[in-house]
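Take a look at the structure set out below.
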Amino acid sequence: MKRTIFDMLLPIIMLGLLLVAGDACRKEKNESDSPPVGWSQTRELSTTTLEIGGETFTVELAYRLTDRMRGLMFRKHLPPDHGMIFIFPHSRQRTFHMQNCLIDIDVLFLDAGGTIVNLHNMKAPSPGAASRQYHSVSPCQYALELPAGSIQKLNLRVGQTIMLNERIHNILPDPE
């Protein structure tokens, strides 16, 4: 049986990836809750404004894969009129978690037309506790994170539509 170089190197590459991934998930007891190197708290994303429940919000645009992965991790504050919209390349069921999130957040899962398909009040986990998962249940193309209490304050419900502006619709997000 003839083996190619790829066949011989594949097990070594896979072992290396497993070691790197395993090390990335391990957290030593003396490590702080500070962002990993390169995940700066101050990185500024492009923004746009959205009218939600009669109020204007400035929302950060998370359309790059790394920005969608980082989300609002390590943030200590989210102004009451700010948020973040996660823009995905296509609709599908989504799951969000609160790992490394320091503040409570409300999330609205929106379909391609901006209709709310599900919403959650997401709680920051206690130190050392497992992070809960929040599911869209139905396919969605966007997830909109707002300050905690926004769902109740703005009386938002499943079936309502958030008018997404042209800028959001014209963004070509990174693949998943």
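Points to keep in mind about this one:
- Exactly one residue out of GLN99, GLN160 is of a type outside the set (D, E, K, R) and either modelled with pLDDT under 95 or more than 17 Å from LEU50 (Cα to Cα) (or both): that is GLN99.
- Matching entry among SER138, SER126 (being free of Cβ contacts under 8 Å to residues at least 12 places away in the same chain, over 17 Å from GLU60 (Cβ atoms) and either in contact with a helix residue (DSSP H, G or I) (Cβ under 9 Å, 6 or more places away or on another chain) or not charged (D, E, K, R) (or both)): SER126
- Flag for ASN30 being part of a loop (DSSP other than H, G, I, E, B), modelled with pLDDT under 95 and over 23 Å from TYR134 (Cβ atoms): yes
- Qualifying residues in the range 144-166 (those that are under 19 Å from the mean Cα position of the chain (by Cα) and not in a strand (DSSP E or B)) - the one surrounded by the fewest Cβ atoms within 10 Å (Cβ to Cβ): GLY149
- Screening the range 125-143 for residues that are buried (at least 19 other Cβ atoms within 10 Å of the Cβ) and of a type in the set (Gly, Ala, Ser) and picking the one that is farthest from ARG68 (Cα to Cα) gives SER136.
- Among the residues of the range 47-78, those that are loosely packed, with under 12 Cβ neighbours inside 10 Å, on the phi < 0 side of the Ramachandran plot and part of a loop (DSSP other than H, G, I, E, B) comprise LYS76, HIS77.
- Scope the range 83-95; condition in a strand (DSSP E or B) and either crowded, with 16+ Cβ neighbours inside 10 Å or of a type in the set (Ser, Thr, Tyr) (or both); matching residues: GLY83, MET84, ILE85, PHE86, ILE87, PHE88, SER91, THR95
The values are calculated or read from the model by the stated rules, or taken from the named source; none is laboratory data. Predicted model, so just to flag it, every value in this text is computed and none were measured. With ideal geometry, Cβ positions are generated from the backbone for all residues, glycine too; neighbour counts draw on all protein chains shown.
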